[in-house]
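Participant: The structure's right below; bear with me while I get my questions together.
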Amino acid sequence: MASKKKRFNPYKLANKALLYIIITSVAFTILLPVFFLVSLSFLTTRDSYKFPLPLLPSLTSDYKLEYGERGYLLSIFDKAEEDYATVMDTEDLEKMSIYMEARLGTPTTIEEIEEQIARLETRNIVYFTKKIDLLHNFKAFFLITNDAFPALVRSLQICVLTILISLSIGGMAGYAFARYSFAGRDALKFSVLFVRMFPGIAIALPMVVILIRIGFYDNPIGLALVYSIGSIALTVWITASIFMGIPVTLEEAAQVFGATKMQTFIRITFPLALPGLAAAAMYAFLGAWNETVAAIVLTQFNPTFSVVVYQSLVGAVGQVNLAAAGGIVMAVPTVIFTFIIRRYINQMWGGMSV
Amino acid sequence: MAVMRIKKVRNLGQKAAPYLLILPVVIYYLFFWAQPVVKSFVDSFTDAYGHFTFNNYVMVLTDANFLPALRNTTLIVIASVALEFLAALFLALLINRKFPGSSIFLFLAMIPMALPSVAVGAMWKTGLTTNGWLNSFLHYVEIFSGSEKIYWLAGSEWVMLALIIIIDAWQVIPSIMIILLAGLQNIPPESEEAGYVFGGDYLTVLRKITLPLLKPTIQTAVVMRLIAAIQIWLIIVVMLGFTRLPVLVERIVYFHKEVPGLDISSQMASGYTIIVTIIVSVTALIYLKISGSSGPKKKEG
């Protein structure tokens, strides 16, 4: 650090090597579980019960069909064992078709099996290859898990409602904080922060009775109302800093040219604030989409998607590949939105004293 | 006259404008925040027949799982704040420079915190089962041979606690590291250089210049972490089920959702709720007091 000359410097080199070793190992540790979760969500049920688990899902399966003792003997090529493994011996082609789809991830109609059987007439063994439907776990998760699809719809409704409530109510207050100084401003700001830090469960539990009274218990609107509490606080915070970043002189200039306050806001301030407002909306989405504990407390027959995934995980997990698929469906939107608003997240922590 | 009056109304409008703008938030919070908070406080002093009682607290405090829950929560909080924080600070100080691929690395580090808690639950549940991916991975890198396996979820209470803390660390360390990195990058390089010019070594500069300048960031990160760590429960229930490793919030969900029929359930749940509320609120208040809620700072320079 002391010398700035460009000369071979073993200390500097070691330093750089150390940096890369650390970065690589941190990245590896972060990615390893993510990699396995993603990989697992594409594995066929048969593969997901193997030990060790295959690192990557296969794209195709090689089958062998021959006459068996009870009917037709179906074997699948096992890449780890490098040999065919018998999976079933049956005459029931419907059963075989269902098994090939549900356990082996290769949707195969009875007619297709019959075609292969027809080829058996002329030879003893028939080999054929089927494509694995990579999305079969995701389809199965929604088919098998009771209520998964309606729950997904409910979760999205809750997210939209939360965004609308918190952006309208919170955005107005954020504008007030940014543009006016008024008595009680600091006290109000303090309480908004305090609400933000308040434990969600402490609101959710007493909310059961309140929501039952106003008819929104076990209902997306009720949950959106609860999620908006924390989300409004955050929105006030974010929008205040956004509006502060827009120079008042711009608004004043517009008014000099005869625009009313409302026109100024709609024509000048709002478009400039739009990217920041979008970030605030995504924050509200993330909060509402991820939340689980209030959703567990405040729903009974109409759970949110996160509750459905939670329920599929508690206790003995039925099929790990389906659980992984559920987890991935939960994770995809959050990772995308986090990627979009990553700059704001860094700003929030770095440039702002909360 | 008319002009004067209009002017007066306008002035009044100007004065009222901020209050009109914040009014919806105030009403919303009175109805959906203050009301449930007061209600939950009142509930915690009410018995099943609506009479005043201290019995709920007595029941909670004498509950066989209360002390373990308090202990586990405390240990998780301490580990979370001390261990994870020091590790993150160490990493942030090491990485604090631009390097090729740093933006990709920073995004990677955001992923664990971006993941919903149920997705993290799915990740580690599928990982730590006996035939899960962690044992498979150890098998692939040949730490294990044949069908050797570790029964991760069958260990003692302390092993479980350690596992939960490690999972939490996986999720939290990268994000605290990012927060601290952002803070470090806001420190003007001149201030540290000045320290070296005056003959300070790395540790002195770190202790006397870097860390004090980083203090607001550290405070925020630590308190946010504290508040989140007090409320950890989902990963524990997903991994171990209820009651095996009791923590405070897990008790609330347990009494509210798992054994709702018992006539003590709702009292227990509300008693535990108040305890969690008080712990979190005190933490938040102390922090807000220390940091002086100055609001979003105007951009410097």
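Residue-by-condition table, conditions (1) within 11 Å of chain A (Cβ to nearest Cβ); (2) within 30 Å of B:F54 (Cα to Cα):
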| position | (1), (2) |
| --- | --- |
| B:M224 | yes, no |
| B:T243 | no, yes |
| B:S265 | no, yes |
| B:S281 | yes, yes |
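Participant: From A:L120, A:L73, which residue is hydrophobic (A, V, I, L, M, F, W, C), buried (at least 16 other Cβ atoms within 10 Å of the Cβ) and more than 22 Å from A:L43 (Cβ to Cβ)?
Facilitator: Going through A:L120, A:L73 in turn, just one is hydrophobic (A, V, I, L, M, F, W, C), buried (at least 16 other Cβ atoms within 10 Å of the Cβ) and more than 22 Å from A:L43 (Cβ to Cβ): A:L73.
Participant: Something else about it: Could you run through segment B:249-267 and say how many residues are farther than 20 Å from A:V309 by Cα and either surrounded by fewer than 24 Cβ atoms within 10 Å (Cβ to Cβ) or of a type in the set (F, W, Y) (or both)?
Facilitator: Residues flagged as farther than 20 Å from A:V309 by Cα and either surrounded by fewer than 24 Cβ atoms within 10 Å (Cβ to Cβ) or of a type in the set (F, W, Y) (or both) within segment B:249-267 amount to 10.
Participant: Same structure again: Which of the residues belonging to segment B:84-122 are polar (S, T, N, Q), part of a helix (DSSP H, G or I) and touching a residue at least 12 places away in the same chain (Cβ under 8 Å)?
Facilitator: B:S117
Participant: Still on this model: Could you list, in sequence order, the residues of segment A:69-111 that are assigned to a strand (DSSP E or B) and among the charged types (D, E, K, R)?
Facilitator: Across segment A:69-111, the qualifying residues are A:D78, A:D83, A:D89.
Participant: Regarding segment A:20-40, can at least one residue be identified that is surrounded by 11 or more Cβ atoms within 10 Å (Cβ to Cβ), more than 30 Å from B:L128 (Cα to Cα) and modelled with pLDDT under 90?
Facilitator: Among the residues of segment A:20-40, not one is surrounded by 11 or more Cβ atoms within 10 Å (Cβ to Cβ), more than 30 Å from B:L128 (Cα to Cα) and modelled with pLDDT under 90, which makes the answer no.
Participant: Evaluate the following for A:F182: is it part of a loop (DSSP other than H, G, I, E, B), at pLDDT 90 or above and within 12 Å of chain B (Cβ to nearest Cβ)?
Facilitator: no
Participant: Okay, next question. Within segment B:131-165, restricting attention to residues that are facing chain A (nearest Cβ under 8 Å) and not in a helix (DSSP H, G or I), which residue is modelled with the lowest pLDDT?
Facilitator: B:S147
Participant: Still on this structure, I have one more. I'd like the residue in segment B:14-59 that is more than 8 Å from chain A (Cβ to nearest Cβ) and of a type in the set (S, T, N, Q) and, out of all such residues, is nearest to the chain's Cα centre (by Cα).
Facilitator: Here the residue is B:S44.
Participant: Any residue in segment A:257-266 that is among the charged types (D, E, K, R), within 11 Å of another protein chain (Cβ to nearest Cβ) and farther than 25 Å from A:L161 by Cβ?
Facilitator: Yes: one or more hits.
Participant: What residue, among those in segment B:127-141 that are closer than 16 Å to A:V38 by Cα and touching a Phe, Trp or Tyr at 6+ places or on another chain (Cβ under 6 Å), is surrounded by the fewest Cβ atoms within 10 Å (Cβ to Cβ)?
Facilitator: Per the criteria, the residue is B:L128.
Participant: Collect the residues in segment A:319-336 that are without any contact (Cβ under 8 Å) to a residue 60 or more places away in the chain and more than 8 Å from every other protein chain (Cβ to nearest Cβ), keeping them in residue-number order.
Facilitator: If the condition is that a residue be without any contact (Cβ under 8 Å) to a residue 60 or more places away in the chain and more than 8 Å from every other protein chain (Cβ to nearest Cβ), then A:V332, A:P333, A:I336 are the ones that fit.
Participant: When you go through B:L288, B:L181 one by one, which is the residue that is free of Cβ contacts under 8 Å to residues at least 60 places away in the same chain and either surrounded by fewer than 20 Cβ atoms within 10 Å (Cβ to Cβ) or out of contact with any Lys or Arg (no Cβ under 6 Å at 6 or more places or on another chain) (or both)?
Facilitator: On inspection, the qualifying residue turns out to be B:L288.
Participant: Given the options A:T299, A:T334, name the one that is under 30 Å from A:Y175 (Cβ atoms), at pLDDT 90 or above and among the β-branched types (V, I, T).
Facilitator: A:T334
The values are calculated or read from the model by the stated rules, or taken from the named source; none is laboratory data. Values in this document were obtained by computation on a predicted structure and should not be read as measured data. Heads up, the Cβs are rebuilt from the backbone with ideal geometry, glycines too, and the neighbour counts pull from every protein chain shown.
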